[in-house]
Amino acid sequence: MTTATFQASDSLRDYFADVSRAARAFAAALFAAQERQYVAQEVQPDTTTPRALQKSRNHLFAMAREWENTSPSLAAELRSIAARG
């Protein structure tokens, strides 16, 4: 006859300590593998011309007209986005 014994000498606190150590090691390995050099980029001023803005608004209004019968709420949302400018 074979008997298996399980010795529960570790407490719940030890278990959570082991899990937290494993999580920290995993996070360290993950961030080490994804080392990136972040370069600051200049923020460029908005160079959109008024003519391009009007063209975009007209396009949104045209899309709203296309969706009016199928989805009135989408059409209303498109019109509100176009009105915001």
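Here are a few things to note about the model shown:
- Here the Karplus relation 6.51 cos²θ - 1.76 cosθ + 1.60, evaluated at θ = phi - 60°, turns the backbone of the range 24-30 into coupling constants of 5, 5, 5, 5, 5, 5, 5 Hz, with x for every Gly and Pro.
- Residue-wise HN-Hα coupling along the range 71-85, computed from phi with Karplus coefficients 6.51, -1.76, 1.60 (Hz; x: Gly, Pro): 9, x, 5, 5, 4, 5, 5, 4, 5, 5, 5, 5, 5, 5, x
- For the peptides 23-30, 51-58, the ranking by packing is 51-58, 23-30, with the highest mean count of neighbouring Cβ atoms within 10 Å listed first.
Any read-out appearing in this document is the output of simple, stated calculations on the displayed coordinates, not a laboratory observation. This one's a predicted model, so the numbers in the text were calculated from it and none came from an experiment. Ideal geometry is used to build each Cβ from the backbone, glycine not excepted, and the neighbour counts take in all protein chains shown.
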